[in-house]
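Peer 1: Shown below is the structure under consideration.
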Amino acid sequence: RSKAMASHPPHRFAAADERDASNRIRLANDLQAAIPNEELLLHYQPQLDLHSGNIVGAEALVRWNHGVFGLQSPSRFIGVAEETGAILDIGAWALRTVAKQAMRINDGRRTPIRFSCNVSVLEFTRRDMVAFVEQVVAETGCRPEWLTLELTESLMMPEPAEVLRVFRDLRGLGVEISIDDFGTGYSNLRYLERFPLTEIKIDRSFVRDVVHSPAKRVIVESIIKLGGVLDIRVVAEGIETDAELSVVKSLGCSVGQGYLYSPPLDTTAFDAFIKYHAISHDQAQQGRLLTT
Ligand code: C2E
Ligand code: MG
Ligand code: MG
Ligand code: MG
C-alpha cells in the first residue's frame, strides 16, 4: 500500500487516505510502548472435536487495547508491526503468554488442551526461533506438545529451504506446526508432503463456499483426504452455521472453530466456557445414555 501512495502526488490524496496514513504512523509509534504499557492481550477461541464435541484446542488471537483508539483487532496493527519489526517483540510476548496460559489450564486436566499461537514469518527468519521456543518451554514448564505454531500459507513461499529447516528443528522439540489459511496462498500441495506439518487449517472462505459450490467441496474433500493419508490434522476455520458444520463434518474434517461454537474469548470468559462446556457436554452424554 505504501508503494501506491508514494507514486501519487500529495494533493491527490483523499482526506481518508491522509487520516489512514497518519493513523498508521501513530499506531507504529504507539506500538513500541504497547508491551511495556501492558496494552496487549490475548483472546482464546475454542476448537472442538466435531464428532465428540470435546474442546481439544484453543487459538490465541492478539488484541491491542490502545489508550485512545480502544480495542484494536490484529488486522489494524499486525501489518504495521511487521513493517517496523515490532512483531518480533509482540510474537515473543504472545508465545510466552500462551505457554503460561497452557500451563495454568492444563495443570490437572485429564485431557490437555492444545494451544495455538499465530507466528509471523519474520519471526521464523529473523530470530533463532528454535532456541527461543526451547527457552519459553524451559521458562514456563509448558509441555512442547501443548503448543501449536500457526504459520500463514500465503507467507510460506519466501524461504522454503530455511522454513523447512526450522520446521524440522521445531518438530524435534515436540511443538506442533500448523499451516493457517490453507487454500488462500500458493496452495502448493507438495508442502503437505515435504514439510513436517501436524495440522492444516482450511480457510474460512472455503468453509463458507463448500455449502453452495460443488467444485469447492471437491477441493476441500481432497485436502481432508490428503490430511488423513499423511496423518495431518485438518481444522475448519470460521464455522458460522449448522449447514457449514454438517458439510465439513460429512467431508471428514475432525476439528473446527468458529462463531457457531464461540467467538474468541478473554481469559475469564474462556475459563467459564471450558467449565460450562464440560458440564453441559457430560449432561448431554448422560441424556443420550438414558434415552438410548
Ligand atoms: P487467523 O489466524 O486466520 O484467525 C482467524 C480470524 O477469524 C480471527 O480474526 C478470528 O477472530 C476470526 N474468526 C473466528 N471465527 C470466525 C467466524 O466464525 N466467522 C468470522 N467471520 N471470523 C471468525 P482476528 O482475531 O481478527 O485475527 C485476524 C488475523 O490476525 C489472524 O487470522 C492472524 O493471521 C493474525 N493474528 C492474530 N493474532 C496474531 C498474533 O499473535 N501474531 C501474529 N503474527 N498474527 C496474529
Ligand atoms: Mg490462525
Ligand atoms: Mg486462519
Ligand atoms: Mg483465515
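The values are calculated or read from the model by the stated rules, or taken from the named source; none is laboratory data. What you see is a predicted model, and the numbers here were worked out from it, not measured in a lab. Glycine gets a Cβ as well: all are built from the backbone with ideal geometry, and neighbour counts include every protein chain shown.
Peer 1: State which residue pairs qualify: first residue more than 18 Å from residue 149 (Cα to Cα) and inside the range 54-68, second residue modelled with pLDDT under 95 and of a type in the set (Lys, Arg) in any location, beta carbons under 9 Å apart, and separation of 6 or more residues or different chains.
Peer 2: Hits for this filter: 64/76; 66/76; 68/26.
Peer 1: A follow-up question, please. Evaluate the following for residue 56: is it in a strand (DSSP E or B) and away from ligand 1 (no atom under 13 Å from the Cβ)? Before the answer, list the steps.
Peer 2: Numbers: in a strand (DSSP E or B): yes; away from ligand 1 (no atom under 13 Å from the Cβ): yes.
Spelling it out, residue 56 is indeed in a strand (DSSP E or B) and away from ligand 1 (no atom under 13 Å from the Cβ).
Peer 1: Considering only the range 28-86, state which residues are of a type in the set (S, T, N, Q), within 16 Å of ligand 3 (Cβ to nearest atom) and surrounded by 15 or more Cβ atoms within 10 Å (Cβ to Cβ).
Peer 2: We begin by selecting, within the range 28-86, every residue of a type in the set (S, T, N, Q); these are 29, 32, 37, 45, 47, 52, 54, 65, 72-73, 75, 84.
With the extra rule that they be within 16 Å of ligand 3 (Cβ to nearest atom), the set shrinks to 45, 47, 73, 75.
Those that are of a type in the set (S, T, N, Q), within 16 Å of ligand 3 (Cβ to nearest atom) and surrounded by 15 or more Cβ atoms within 10 Å (Cβ to Cβ): 45, 47.
Peer 1: To continue, here is another question. Considering only the range 171-183, how many residues are part of a helix (DSSP H, G or I) and either in contact with a helix residue (DSSP H, G or I) (Cβ under 6 Å, 6 or more places away or on another chain) or among the acidic types (Asp, Glu) (or both)? Before you say what the answer is, go through the steps one by one.
Peer 2: So the first thing to find is which residues in the range 171-183 are part of a helix (DSSP H, G or I), and the list is 171-173.
With either in contact with a helix residue (DSSP H, G or I) (Cβ under 6 Å, 6 or more places away or on another chain) or among the acidic types (Asp, Glu) (or both) added as a condition, the list becomes 173.
Residues meeting the conditions: 1.
Peer 1: Kindly indicate which of 241, 292 is away from ligand 3 (no atom under 14 Å from the Cβ) and modelled with pLDDT of 95 or more.
Peer 2: Details: 292 fails: modelled with pLDDT of 95 or more.
Criteria check complete, one pass: 241.
Peer 1: Could I ask something else about it? Are there any pairs with C-beta distances below 9 angstrom linking a residue in the range 126-143 that is touching a residue at least 24 places away in the same chain (Cβ under 8 Å) to a residue that is in a helix (DSSP H, G or I) and of a type in the set (S, T, N, Q), with the two at least 6 apart or on different chains, and if so which?
Peer 2: Filtered contacts from the range 126-143: 142/101; 142/106; 143/106.
Peer 1: Here is a further query. Of the residues 70, 85, 91, 141, which is touching a helix residue (DSSP H, G or I) at 6+ places or on another chain (Cβ under 6 Å) and at positive phi? Steps first, answer last, please.
Peer 2: On the way: 70 fails: touching a helix residue (DSSP H, G or I) at 6+ places or on another chain (Cβ under 6 Å); 85 fails: touching a helix residue (DSSP H, G or I) at 6+ places or on another chain (Cβ under 6 Å); 91 fails: at positive phi.
The match here is 141.
Peer 1: May I ask you to verify whether residue 170 is away from ligand 2 (no atom under 16 Å from the Cβ) and either surrounded by fewer than 21 Cβ atoms within 10 Å (Cβ to Cβ) or hydroxyl-bearing (Ser, Thr, Tyr) (or both)? Before the answer, list the steps.
Peer 2: Values: away from ligand 2 (no atom under 16 Å from the Cβ): yes; either surrounded by fewer than 21 Cβ atoms within 10 Å (Cβ to Cβ) or hydroxyl-bearing (Ser, Thr, Tyr) (or both): no.
Taking the combined requirement at face value, the residue does not satisfy it.
Peer 1: Ok, one more. Of all residues in the range 55-70, count the ones that are within 19 Å of the chain's Cα centre (by Cα) and either over 11 Å from residue 40 (Cα atoms) or at pLDDT below 95 (or both).
Peer 2: The number of residues fulfilling the criteria is 6.
Peer 1: Is it the case, given these coordinates, that residue 206 is assigned to a helix (DSSP H, G or I) and within 14 Å of ligand 3 (Cβ to nearest atom)? Let's see the steps before the verdict.
Peer 2: Working: assigned to a helix (DSSP H, G or I): yes; within 14 Å of ligand 3 (Cβ to nearest atom): yes.
Spelling it out, residue 206 is indeed assigned to a helix (DSSP H, G or I) and within 14 Å of ligand 3 (Cβ to nearest atom).
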